[in-house]
Amino acid sequence: MLTKLSAFKPNPASDTPLYMQLANMLSDGIASGDWRANQALPSERVLSDILEISRVTARKAIDMLCDRGMLTRRRGSGTYITPKLEQPLSRLTSFSEELRQRGFTAGSRWLQRDIGAAAPLELLSLGLSPHMPVARLRRLRTADDVVMAIETTTIPALYMPDPQQVTDSLYGYLESRGTIPMRALQHIRAVNATAEQAKLANIKTGEAMLHITRVSYLDNGAAVELTHSYCRSDYYEFVAESRR
């Protein structure tokens, strides 16, 4: 890759600042796959030497891409390409399916898997009778071991009598029981990370996150899943296609 870096050399005759030229060219290179997710970007010194620019210029370009969420600095290690998960809103797929389709390794770190009485909001969202038991699953969703989202899911115990049997894929488990969701309603809004969420997701308290509330339904119209996902906005994107 170092031999190809010369193609990213800014044009000093251009009216566009050098750091902005470099940031835009690196952005295009990342988008076109010149670097893989979680791959280290060449250091400021290397960029400076090969592109014949100052380290200040290289640093400002990297800072710009960090602000855009395309690069992530890891203290004592370097600057890495931020993994991005683009999830289309028009298709109902699981987190694991989306990651595998994009070449990531999906994983989960379990925080909770148990049975309890449904809370009022859960009763309302899932259309349950009072005191009906539900399974609750709380976990960190990871891509190549990087935490992408904090996810809490409620399933009527009728469809999940033993939540300990769920491994990585919730939809895989539901499908094995013949209760795969066929449609879903999702609400998305921006929130600021609480201290607990920031610690779990390895971000700063107050940093922007996407809060997705999803209610999924079976073919017969019964609600089978209520999920609250708090996604890192620097890693997660939703894509919607509109037609006229």
Count the net charge of all other residues whose Cβ sits under 13 Å from the Cβ of R113, scoring Lys and Arg as +1 and Asp and Glu as -1. 0
Report, to the nearest 10°, how far helix 18-31 tilts away from the longest principal axis of the Cα atoms in the chain, using its own Cα long axis and a range of 0 to 90°. 40
Given points 7 Å out from each Cα along the Cα-Cβ axis, report the S54 to N202 separation in nanometres with one decimal. 3.4
At the level of C-alpha centres, the distance separating region 35-62 and region 145-165, in angstrom, is 41
Give me the percent of the accessible area of the chain that comes from carbon and sulfur atoms, probe 1.4 Å, all protein chains in place. 49
Which net charge results for the neighbourhood of M148, defined as the other residues with beta-carbon distances under 9 angstrom from its beta-carbon, given Lys and Arg at +1 and Asp and Glu at -1? +2
For V56, tell me the accessible area in Å² from a 1.4 Å probe, rounded to the nearest 10. 90
Relative to the first principal axis of the alpha-carbon coordinates of the chain, what is the inclination of helix 55-67, with its axis defined by its Cα atoms, in degrees from 0 to 90 and to the nearest 10? 20
For E207, the residues 5 or more places away or on another chain with a placed amide H closer than 5 Å to its own amide H are A193
Can you give me the pair-distance distribution of region 83-237, C-alpha pairs, 10 Å bins, whole percents? 11, 41, 38, 11, 0
Residues of the chain: accessible area per residue with a 1.4 Å probe, Å²: 54
With θ taken as phi - 60° and the coefficients 6.51, -1.76 and 1.60, list the Karplus ³J(HN,Hα) couplings across region 69-77 in order, rounded to whole Hz; mark glycine and proline as x. x, 8, 10, 10, 8, 10, 4, x, 10
For the chain, give the magnitude of the charge dipole about the Cα centre (Cβ charges: +1 Lys/Arg, -1 Asp/Glu; no others), in debye to the nearest 20. 300
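The values are calculated or read from the model by the stated rules, or taken from the named source; none is laboratory data. Note that the structure is predicted; figures quoted are calculated from it, not measured. Counting neighbours? That spans all protein chains shown, and the Cβs are built from the backbone with ideal geometry, glycine included. With ligands, DNA and RNA removed, areas are computed over all heavy atoms of the protein, side chains included. Shrake-Rupley method; radii C 1.70, N 1.55, O 1.52, S 1.80 Å.
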